[in-house]
Amino acid sequence: MKRTAFVLAIALVLVSCATMQPPSQALVSRAVQAMGGPDALAGVKTLALKGTVRQWEPEQSMAAGGEMRFACESVFEAVTDVGSGATRIDWSRKFAYPAPRSFTFTEVVTPTAGYVAGIDSNGRTKQSLESNPPAHAMSGLRLAATQRELRRGSAVLLLEMHRNPDRVTAAGDVTVAGAAYPAVDYRVGDQTLTVMFDRATGLPARIRTLDYDNIWGDVTYDLVLSDWQAIDGVRVATTRKYELNGRVISETKIAGGKVNGAVASDLLAIPDAFKTGAAKPATGAVPYQWVIRRQFIGTYLDSDAPSYDTRATSGLRLVELAPGVHHVVGGSHHSLLVEMRDHLIVFDAPVTDWHSNWVLGAARTKFPGKPVKYVVLTHHHMDHAGGIRAYAAQGATLIVGKGNGEHFKRVLAAPFTRNPDLAARDLTRTWIVEVAERHVITDGQREVHAYRIDNPHADGLLIGYVPEARLGFATDIWSPGTPLPDKLNPGMAALVAGVKKAGISPARFAGGHGSVGEYEPLAALEGR
């Protein structure tokens, strides 16, 4: 009897194992059923959605680590052809920051190329500027980032996962804000999406990627799904929030949609002139947060090098403005490099550590044996401080405006194992100096000054000054070399007031944007 019972038990176990789904696939199957079932999802040939989007940028705050800036609100209409994998999105975007303006444009995204018709950014590429009407092919970076987010938010993502169980693995429970979600990992190319499920409904609640942010290092980026509604038999999340390390930076509201409506083929076509030679989706170390969030504020330069337009220039370069004083130009963001007797000083660490590594390499070639000892950050915004880790790793002292020191201590203490340009290391011993009013660096021969000025752009903002060359350096409050307005705007007025308060007499200013401009014509606008 004992042997018979044992054999029966083994048989039952084998039958159970043969019929039971793995826990990870069971979660996926339940979600597919909750969204309408596999037949309904498989029957989706086209999907049209319309709605609104509100976006905030956390690293353009007035105070370092402070309240996020409201960046943009948009109205959109999107249509996807599931079979071809092509999506068209018609956008009307109204920006609040860095200046009020509106852009109306269209994106077409296919598996192999992307296209933008219209003006979508102040940071226009050479191709956009030369096209009439304005249009350009997407960079491989933007294409990859857009494809990832379209897949993440797709109504048929779970069906795709259901059909590819070999790419689905259990992720255990993932706890967010005190709530534990059963989760699975889904591998797509070189990306992993962690899908978390609502225990009660079985629907996907969060879809996470692990990104790298140039300020906060290793971050979580979650699409949070809620308010599920049926559209022609398929359940769709009509509220979609993106959270960056737990902070909501984007909220989409779906106002309506249609499954399997007719879609004219030409709506999803990329013109041959822009399809030929268009970039393929980038792979590897895509700077997703830079690509996505610079679009929030309408300043994204759609290029395969974040720092410069690959169609317009060969890259970054040094331009000598005075003996031992060089402007780092050739890109969208600039620095100033100043030679001292036995070391170097750099103003601003823009964009990424790749950009900073280029400057460090150029500095070693131009000034062998002279390390970068000081980095003066004009302010804390992500586009001008995103490359600070490369300098800290070289042992540079960080000089910041009053009130910003603690912020950068936290930044440099954040893990950055996903940084594509710098190996992880301990940067918490970086020396940080705060400037209350004025800070002078001298080697006994040359002086370099930093002044904190009141301004409408960022608390603790600094301007630089090299007295020997009568050269100033300013970022964002004035872009030297661009046409002057009829009267001073608030940023320019702050610079003129700051120069007066400092008691300095600059002949020229170099800019973190723009080029180099004479100071006197700017100062002459005061009072107009």
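The values are calculated or read from the model by the stated rules, or taken from the named source; none is laboratory data. Keep in mind that this is a model prediction, so the values were computed, not measured. Heads up, the Cβs are rebuilt from the backbone with ideal geometry, glycines too, and the neighbour counts pull from every protein chain shown. Areas reflect the complete protein model, heavy atoms only, side chains present, ligands, DNA and RNA absent. Shrake-Rupley method; radii C 1.70, N 1.55, O 1.52, S 1.80 Å.
Worth a mention:
- Selection status of residue 291, closer than 24 Å to residue 397 by Cα and either open to solvent by 10 Å² or more (accessible area, probe 1.4 Å) or touching a residue at least 24 places away in the same chain (Cβ under 8 Å) (or both): no
- The single condition among (1) within 23 Å of the chain's Cα centre (by Cα); (2) in a strand (DSSP E or B); (3) not acidic (Asp, Glu) that residue 440 does not meet is (1).
- For segment 319-338, the set of residues classified as surrounded by fewer than 18 Cβ atoms within 10 Å (Cβ to Cβ) and either touching a Lys or Arg at 6+ places or on another chain (Cβ under 9 Å) or not aliphatic (A, V, I, L, M) (or both) consists of 320, 322, 323, listed by residue number.
- Residue, farthest from residue 332 (Cα to Cα), within segment 112-134, restricted to residues that are open to solvent by 70 Å² or more (accessible area, probe 1.4 Å) and in contact with a Ser or Thr (Cβ under 9 Å, 6 or more places away or on another chain): 126
- Residues of segment 381-437 satisfying the condition of being farther than 16 Å from residue 452 by Cα, assigned to a loop (DSSP other than H, G, I, E, B) and acidic (Asp, Glu): 421, 426
- Filtered residues of segment 403-433 (kept if charged (D, E, K, R) and either under 20 Å from residue 382 (Cβ atoms) or at pLDDT below 95 (or both)): 406, 409, 410, 418, 421
- Residue 266 being touching a helix residue (DSSP H, G or I) at 6+ places or on another chain (Cβ under 7 Å) and open to solvent by 50 Å² or more (accessible area, probe 1.4 Å): no
- Test: residue in segment 409-424 that is β-branched (Val, Ile, Thr), in contact (Cβ under 8 Å) with a residue 40 or more places away in the chain and open to solvent by 60 Å² or more (accessible area, probe 1.4 Å): yes
- Considering only residues in segment 444-492 that are among the aromatic types (Phe, Trp, Tyr) and in a strand (DSSP E or B), the one that is surrounded by the most Cβ atoms within 10 Å (Cβ to Cβ) turns out to be 473.
- Filtered residues of segment 155-184 (kept if in contact with a helix residue (DSSP H, G or I) (Cβ under 9 Å, 6 or more places away or on another chain), open to solvent by 40 Å² or more (accessible area, probe 1.4 Å) and part of a strand (DSSP E or B)): 169, 170
- Verdict on residue 146 being closer than 23 Å to residue 332 by Cα, at pLDDT 95 or above, polar (S, T, N, Q) and crowded, with 19+ Cβ neighbours inside 10 Å: yes
- Given (1) touching a residue at least 24 places away in the same chain (Cβ under 8 Å); (2) open to solvent by 40 Å² or more (accessible area, probe 1.4 Å), number of the condition residue 199 does not satisfy: (1)
- Hits in segment 276-302 - residues which are of a type in the set (Ser, Thr, Tyr) and closer than 18 Å to residue 123 by Cβ: 288, 299, 300
- Matching residues, segment 271-302, being among the aromatic types (Phe, Trp, Tyr) and either assigned to a strand (DSSP E or B) or out of contact with any strand residue (DSSP E or B) (no Cβ under 6 Å at 6 or more places or on another chain) (or both): 290, 300
- Residue, most open to solvent (accessible area, probe 1.4 Å), within segment 511-526, restricted to residues that are assigned to a helix (DSSP H, G or I) and under 20 Å from residue 468 (Cα atoms): 520
- Residue within segment 228-240 that is buried (at least 16 other Cβ atoms within 10 Å of the Cβ), in contact (Cβ under 8 Å) with a residue 40 or more places away in the chain and over 23 Å from residue 77 (Cα atoms) present: no
- The conditions of being surrounded by 18 or more Cβ atoms within 10 Å (Cβ to Cβ) and closer than 21 Å to residue 95 by Cβ are not met by residue 345.
- Condition check for residue 508: exposed (fewer than 13 other Cβ atoms within 10 Å of the Cβ), touching a residue at least 40 places away in the same chain (Cβ under 8 Å) and of a type outside the set (A, V, I, L, M, F, W, C): no
For every residue, the table says whether it meets (1) within 23 Å of residue 462 (Cβ to Cβ); (2) crowded, with 24+ Cβ neighbours inside 10 Å.
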position: 351; (1), (2): yes, yes
position: 355; (1), (2): yes, yes
position: 360; (1), (2): yes, no
position: 365; (1), (2): no, no
position: 371; (1), (2): yes, no
position: 375; (1), (2): yes, yes
position: 378; (1), (2): yes, yes
position: 383; (1), (2): yes, yes
position: 388; (1), (2): yes, yes
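- Being within 30 Å of residue 425 (Cα to Cα) and of a type in the set (A, V, I, L, M, F, W, C) holds for only one residue in 219, 195, 156, and it is 219.
- For segment 390-408, a residue qualifies if it is in contact with a Gly (Cβ under 6 Å, 6 or more places away or on another chain) and either surrounded by 14 or more Cβ atoms within 10 Å (Cβ to Cβ) or small (Gly, Ala, Ser) (or both), and the qualifying residues are 401, 403, 404, 407.
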